[in-house]
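Student: So that we are looking at the same thing, I have put the structure below in structure tokens.
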Amino acid sequence: MNADVIAAGITGRSLASIDDFSNVELSCVLSGAADVGAGMERYGDVCRGKIMASLFFEPSTRTRLSFETAMLRLGGQVVSAVDIGATSLAKGETLADMARVVGGYADIIVMRHPWEGAARVVSEHAGVPVINAGDGGHEHPTQTLCDLYTLKKDQGHLEGIRIALWGDLKYGRTVHSLTWALARFGATVVFRPGAGLAAPQYVLSKLATDYGGEVVSGEHLRRDEVEGVLPVDAIYVTPHSPHQLAMLPHMSAQMELDRGVDALYVTRVQKERLRAEGDDGQPLKYPIVNRRLLKTPGFERSVVLHPLPRVDELAREIDSDPRSLYFAQAHQGVPVRMALIALILGRMPAGISCSESPSDDWVPTAHMEYMHDTGVQCPNERCVANQPTERRYLRQRFKLIDSTPPRLRCMYCDHEVEVMAVATSEAYDEPTSRRKYHSPTSRWANAIRRDNLLVFSSIQDAESRGFKPGAKEKVSG
Ligand code: NCD
């Protein structure tokens, strides 16, 4: 498969999640960005006649301006809305209706929105490609493209790099998309969150179920408390790691940790999201990345990335350090987004080369969609499927993650539903007296055919549908 075929495959596609593009496709965007960067003026007419709608319903400087600059530099034009209060969404219009309307005006939509999964919904209704420029605390796939571009340019490759994610890993959406992409490209990821800001379970869980590596909890590692260094909460060891000893994941994680990191990815505390969660808005303290930290064992060779804006977590004294890549990273936003828009609009000039080999491309794990109505709700109140306007037409949708115990993952925001009981749909053919539910970890649960598996998030849900506890079975919860 040559690069032009890969590029053609991107035409017309949306990028709501980083997992919407394969590794080869992401690499193709990065190669395109490198080509744009080598002579931007060659691209000045590429998108002539095309219009991009730029909808930013949360604050933005870099992402919005770099997207709009990108489209203008491609010779296209931009229409924009930056305040939700100035759009019909404020009048109670649904995202789906807005998508249909804007999709009739523009050839491509770029949207930032506070609801998690909002870009996915818009992409399902717009009729034109949609790019997620940040959906609440969930994902920010184009920032990840800038991050990968910067890392690859600096390190020469992504496979095998070791990178520490530092700070607010809970609400930092850039970290979520980046974690998944790094895992897919075979990096080792060390999680160093501020207190109470660990990466959410749904982010970590995908590492094991979809990307095949091991997540080892920090508790199992030797951790020297070093002043000014955030402690390790967990480490992801890629299946590509030379240290991945199938039986000894803790030992390989320790070995990876002892080698230090090639890159440090720093984030600010996402105060606005903490406040929305009922936090009092007190500034959370975490150590400042400064000259001293960059001399600490494990960080002596690390380059520093940050999606920006910074607040106090990066000392200004390191701005002039050649290892500080964050301003260059922000500048890459224009060529990266130019390549992405040109590819999606099918206007990328032929002949860019893609370095990644398609033979070992990553393909998304094919989890089955859960099709039964057992009253399961996404537990994330910021999920688009839980918003009153959207509930008028949007149904809750989940993927069945075939693990023990089985889990349901929201198809919009990736949050997982805790499963309290399971049963088989074949029981609906039985008299009510014979309908039984079981513990999700029981051998009965394992024996149920996956397309017959009924999942309940509470015992009451099971019982209200006429199911009774399975014989001699203890069901927790
Ligand atoms: C990030 C964002 O909006 O998620 N900024 C960006 O797009 N470069 C990070 C942040 O706001 O902290």
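The values are calculated or read from the model by the stated rules, or taken from the named source; none is laboratory data. Computed from a predicted structure; not experimentally measured. A quick note on method: Cβ atoms are made from the backbone with ideal geometry, for glycine too, and the neighbour counts reach across all protein chains shown. These area figures cover heavy atoms from the full protein model, side chains too; ligands, DNA and RNA do not enter into them. Shrake-Rupley method; radii C 1.70, N 1.55, O 1.52, S 1.80 Å.
Student: Identify, from the list ASP97, ASP154, ASP147, ASP107, the residue that is among the acidic types (Asp, Glu) and in contact with a helix residue (DSSP H, G or I) (Cβ under 6 Å, 6 or more places away or on another chain).
Tutor: Result of the check over ASP97, ASP154, ASP147, ASP107: ASP147.
Student: Residues being open to solvent by 10 Å² or more (accessible area, probe 1.4 Å) and in contact (Cβ under 8 Å) with a residue 40 or more places away in the chain: count how many of those fall in the range 384-399.
Tutor: So the answer is 5.
Student: Oh, and also: Just to be sure, is THR179 touching a Ser or Thr at 6+ places or on another chain (Cβ under 6 Å) and closer than 19 Å to SER22 by Cβ?
Tutor: Spelling it out, it is not the case that THR179 is touching a Ser or Thr at 6+ places or on another chain (Cβ under 6 Å) and closer than 19 Å to SER22 by Cβ.
Student: Of everything in the range 63-99, what is among the basic types (Lys, Arg) and modelled with pLDDT of 95 or more? Give them in sequence order.
Tutor: ARG64, ARG73
Student: Of the conditions (1) modelled with pLDDT under 95; (2) touching a Phe, Trp or Tyr at 6+ places or on another chain (Cβ under 8 Å), SER355 fails just one. Which one is it?
Tutor: For SER355, the failing item is (2).
Student: Considering only residues that are in a strand (DSSP E or B) and surrounded by fewer than 16 Cβ atoms within 10 Å (Cβ to Cβ), which ones fall in the range 281-295?
Tutor: If the condition is that a residue be in a strand (DSSP E or B) and surrounded by fewer than 16 Cβ atoms within 10 Å (Cβ to Cβ), then no residue fits.
Student: For the range 58-84, which residues satisfy the criterion of being of a type outside the set (A, V, I, L, M), in contact with a Phe, Trp or Tyr (Cβ under 9 Å, 6 or more places away or on another chain) and away from the ligand (no atom under 12 Å from the Cβ)?
Tutor: ARG73, GLY75, SER80, ASP83
Student: I need the full set of residues from the range 296-342 which are of a type outside the set (A, V, I, L, M, F, W, C), within 14 Å of the ligand (Cβ to nearest atom), loosely packed, with under 14 Cβ neighbours inside 10 Å and modelled with pLDDT of 95 or more, in order please.
Tutor: PRO309 - this is the single residue of the range 296-342 that is of a type outside the set (A, V, I, L, M, F, W, C), within 14 Å of the ligand (Cβ to nearest atom), loosely packed, with under 14 Cβ neighbours inside 10 Å and modelled with pLDDT of 95 or more.
Student: Would you check which residues across the range 140-189 are of a type in the set (Gly, Ala, Ser) and over 22 Å from SER60 (Cα atoms) and list them?
Tutor: GLY156, GLY160, ALA164, ALA181, ALA183, GLY186, ALA187, listed by residue number.
Student: Looking at PHE21, is it of a type in the set (Phe, Trp, Tyr), touching a Leu at 6+ places or on another chain (Cβ under 8 Å) and open to solvent by 10 Å² or more (accessible area, probe 1.4 Å)?
Tutor: Judged against the criteria, PHE21 is not a match.
Student: Taking the options VAL261, VAL189, VAL266, name whichever one is assigned by TED's automatic domain parsing to the domain that holds THR296, modelled with pLDDT of 95 or more and under 21 Å from LEU26 (Cβ atoms).
Tutor: When all the criteria are applied, what remains is VAL189.
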